[in-house]
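Everything below concerns the one structure shown next.
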Amino acid sequence: MTKPRVLLLGEILHAKAEWVALSDVATLSVCDSSTKEEFIKDLAGKYSDVTAVYHCHMDDAKPGANINKELLEALPTSLKFICHHGAGYDMIDVNACTRKGVLVSNTPGAVDGATADVNMFLILGALREFNLAMTNLRKGDWNVGVPLSHDPEGKVLGILGMGGIGRALKRRAKGFGMITQYHNRKPLSEEMAAGAKYVSFDELLATSDVISMNLPLNAHTRHIINKEAIAKMKDGVIIVNTARGPVIDEQALVDALESGKVRCAGLDVFEAEPKIHPGLIANEKVILLPHVGTATYETRKKMEITVINNIRSAITGAKLLNVVPEQIHFAP
Ligand SMILES: O=CC(=O)O
């Protein structure tokens, strides 16, 4: 009997043995189409019998980087599963996948610790205004002009979108004496909230000393932090983002940093990566990282294994282990 085909879009760097072991149950192909046009032709040719895709977060120019409506039209009808390497899957049009009967998985859990570590680093860096201190030292100015900053102890941390990463952040923030409140579409169970207070979106904006963005990017969350939202925040608030750049209107953030309404920001993600708003680069009160939330050997390996486990379960049991929340009701 022929085995179902799995197509790798991207690269496996750490779980190579686990990938090779998948060949027990599947025929493995690595996409070698060099342009988007060639990829579309290959989908009707050598990839026309693909059952599952291993999908990586890639540069927009790479074939298959964005699974949009147009690409979905070209994907073979044999395709039933797209298993994405990453927690955020905003490059995949999940509604269009659902309409085509294609199920999507991501890698929640695997990313939580590493991303929460970066999140906490940015909170501390922004509260303590370390970017200015570090820049001064490198300029040879030691600590001249470096202002006194603020302790995390006793500050209210407002987590917008308390999923796995938000909960891991809450645990870390507790160690620094921060008090966590959160806003989600629905309150978490008492056990999951673990003492964090549920507040409305407006209350979170008005009463948090530090606002942490931990929600997925979608049509409802794009620019959820804009000029109007910032106006509702405390003067001197700190904003940190390890989720996706477009959840914040970057121009509104730059303006608010310049006026002092937002005192400092810590950002790992940007609206048009890898481009960064010049107003953020120029502002010494902003601590910047180049989207490295999950960039550790351990976490990247865990993420790759999670994708492979999803593919194995899809091939052998027609079921994804980590189907995305939008498809939970459609999944077996
Ligand atoms: O950005 C990282 C991820 O989506 O996992």
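Coordinate-derived values only; no laboratory data. None of the values given here were measured: they were computed from a predicted structure. For neighbour counting, all protein chains shown are included, and Cβ atoms are generated from backbone atoms with ideal geometry for every residue, glycine included.
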Give the peptides 233-245, 33-45 in descending order of average Cβ contacts within 10 Å, highest first.
233-245, 33-45
Please give the Cα centre distance for the stretch 293-332 versus the stretch 184-221, rounded to the nearest Å.
25
Quote to one decimal, in nm, the extra length available between residue 203 and residue 1 on full extension: 0.36 nm per residue of separation minus the C-alpha distance between them.
66.8 nm
Per DSSP helix of 4 or more residues, -39500 (n - 2.57); summed, then divided by the residues of the chain. What does that give at 222 nm, rounded to the nearest 500?
-10000 deg cm²/dmol
Once the Cα atoms of helix 250-259 and of the chain are each reduced to a long axis, what angle between those two axes, in degrees from 0 to 90 to the nearest 10, is obtained?
10
Based only on other Cβ atoms within 10 Å, what is the fewest-to-most ordering of 328, 315, 287?
328, 315, 287
Neighbouring Cβ atoms within 10 Å as the yardstick, rank 249, 90, 59, 141 fewest first.
59, 141, 90, 249
Quick note on 312, 138, 99, ordering by fewest other C-beta atoms within 10 Å, gives 138, 99, 312
In Hz, Karplus ³J(HN,Hα) per residue of the stretch 104-111 (6.51, -1.76, 1.60; θ = phi - 60°; x = Gly, Pro)
10, 10, 9, 10, x, x, 4, 8
Inter-label distance, nm, simple model (7 Å from Cα along the C-beta direction), residue 20/residue 37
3.7
Using only Cα atoms and rounding to the nearest 10 degrees, what angle (0 to 90) does helix 112-127 make with the longest principal axis of the chain?
20
Summed over the other residues with a beta carbon less than 15 angstrom from that of residue 283, with K and R at +1 and D and E at -1, the charge totals -2
Assuming 0.36 nm per residue, please report the length gained on full extension of the stretch residue 275 to residue 99 beyond their Cα-Cα distance.
60.0 nm
Relative contact order (percent) for the stretch 112-288, with alpha-carbon contacts under 8 angstrom and 6 or more residues of separation?
23
Pulled fully out, how much extra length does the chain show between residue 284 and residue 192, if you take 0.36 nm times their separation in residues and subtract their Cα-Cα distance?
29.5 nm
With Cα atoms, 0 to 90° folded angle of helix 164-175 axis to the chain main axis
30
If R₀ is 25 angstrom, what is the calculated FRET efficiency for the pair residue 226 and residue 326, using the beta carbon separation as r and rounding to 0.05?
0.55
For peptides 78-86, 145-153, sequence by mean Cβ density within 10 Å, most packed first
78-86, 145-153
